[in-house]
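*Asks:* Let me give you the structure first, and then I'll get to my questions.
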Amino acid sequence: MGLFSLLGIALGLAMDAFSVAVASGIALGKVSPRQTFRLSLHFGLFQFGMPIVGWVLGSLIAPQIESVGPWIAFGLLVAVGLKMIWEALRSSGDEVRGDPTRGASLVLLSVATSLDALAIGLEMALVGVPVLYPAIVIGAVAASMTMLGLQIGKRAGNLLGRRMKVVGGLVLVVMGLRVVM
């Protein structure tokens, strides 16, 4: 996997975290450095860990489905991308109540924004790509985009976050097409 493809995938995956961070920044209004650190750290760690979990699961089943692996990877990437686009277009905006950088809300948001990365890890196993370096890049990009999203969120409206989620979905669809082309 080339650096350009990896960065495209990382940015596509980070759009969920970015969107939630924008919405969180809007809801919080004033964002402290501690809140920025907590949300960025958790989103980055979950985005780092989920591809590894997906890769391990994919490695366990890869020998049984080796001949159709690229098509499964294509389907996963396109499905995740289209799901992101669909959610962005049908939602009225991400609602955030309370402090999303604390407690159960933080963990639930971390899991929700990183489930797509689980599918990417599975896809990497199916096409035989090592996972550690991509997982590090994915986690770092997610943490960075979360920091950026919080800062933008305290200054911008919900519309930007939704548009970025659509862009992220489109990036994943394109990456899916590249797997089979």
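The values are calculated or read from the model by the stated rules, or taken from the named source; none is laboratory data. Computed from a predicted structure; not experimentally measured. A quick note on method: Cβ atoms are made from the backbone with ideal geometry, for glycine too, and the neighbour counts reach across all protein chains shown.
*Asks:* In this structure, does GLN35 turn out to be under 13 Å from SER114 (Cβ atoms) and either polar (S, T, N, Q) or out of contact with any strand residue (DSSP E or B) (no Cβ under 6 Å at 6 or more places or on another chain) (or both)?
*Replies:* Against the criterion (under 13 Å from SER114 (Cβ atoms) and either polar (S, T, N, Q) or out of contact with any strand residue (DSSP E or B) (no Cβ under 6 Å at 6 or more places or on another chain) (or both)), GLN35 does not qualify.
*Asks:* Residue pairs, Cβ under 8 Å, 6 or more apart or interchain, first in region 33-62 and farther than 19 Å from LEU11 by Cα, second in a helix (DSSP H, G or I) and charged (D, E, K, R). List them.
*Replies:* Pairs that qualify, where the first residue is farther than 19 Å from LEU11 by Cα and the partner is in a helix (DSSP H, G or I) and charged (D, E, K, R), are GLY58/GLU123.
*Asks:* Could you list, in sequence order, all residues of region 152-181 that are at pLDDT 70 or above, in contact with a Ser or Thr (Cβ under 8 Å, 6 or more places away or on another chain) and surrounded by fewer than 23 Cβ atoms within 10 Å (Cβ to Cβ)?
*Replies:* Of everything in region 152-181, just one residue is at pLDDT 70 or above, in contact with a Ser or Thr (Cβ under 8 Å, 6 or more places away or on another chain) and surrounded by fewer than 23 Cβ atoms within 10 Å (Cβ to Cβ), namely ARG178.
*Asks:* A follow-up question, please. Can you tell me which residue is surrounded by the fewest Cβ atoms within 10 Å (Cβ to Cβ) among those in region 1-56 that are in a helix (DSSP H, G or I) and either of a type in the set (Ser, Thr, Tyr) or touching a Cys at 6+ places or on another chain (Cβ under 6 Å) (or both)?
*Replies:* SER5
*Asks:* Read through the list (1) over 22 Å from THR146 (Cβ atoms); (2) modelled with pLDDT under 90, then give the number of the only condition that ALA23 fails.
*Replies:* (1)
*Asks:* Return a yes/no flag: does region 72-93 have any residue that is surrounded by fewer than 16 Cβ atoms within 10 Å (Cβ to Cβ), of a type in the set (Val, Ile, Thr) and either modelled with pLDDT of 75 or more or part of a helix (DSSP H, G or I) (or both).
*Replies:* No, because not a single residue in region 72-93 is surrounded by fewer than 16 Cβ atoms within 10 Å (Cβ to Cβ), of a type in the set (Val, Ile, Thr) and either modelled with pLDDT of 75 or more or part of a helix (DSSP H, G or I) (or both).
*Asks:* Please go through region 129-152 and give me each residue that is within 17 Å of PHE37 (Cα to Cα) and either not in a helix (DSSP H, G or I) or not hydrophobic (A, V, I, L, M, F, W, C) (or both), ordered by number.
*Replies:* GLY139, SER144, THR146, GLY149, GLN151 - these are the residues of region 129-152 that are within 17 Å of PHE37 (Cα to Cα) and either not in a helix (DSSP H, G or I) or not hydrophobic (A, V, I, L, M, F, W, C) (or both).
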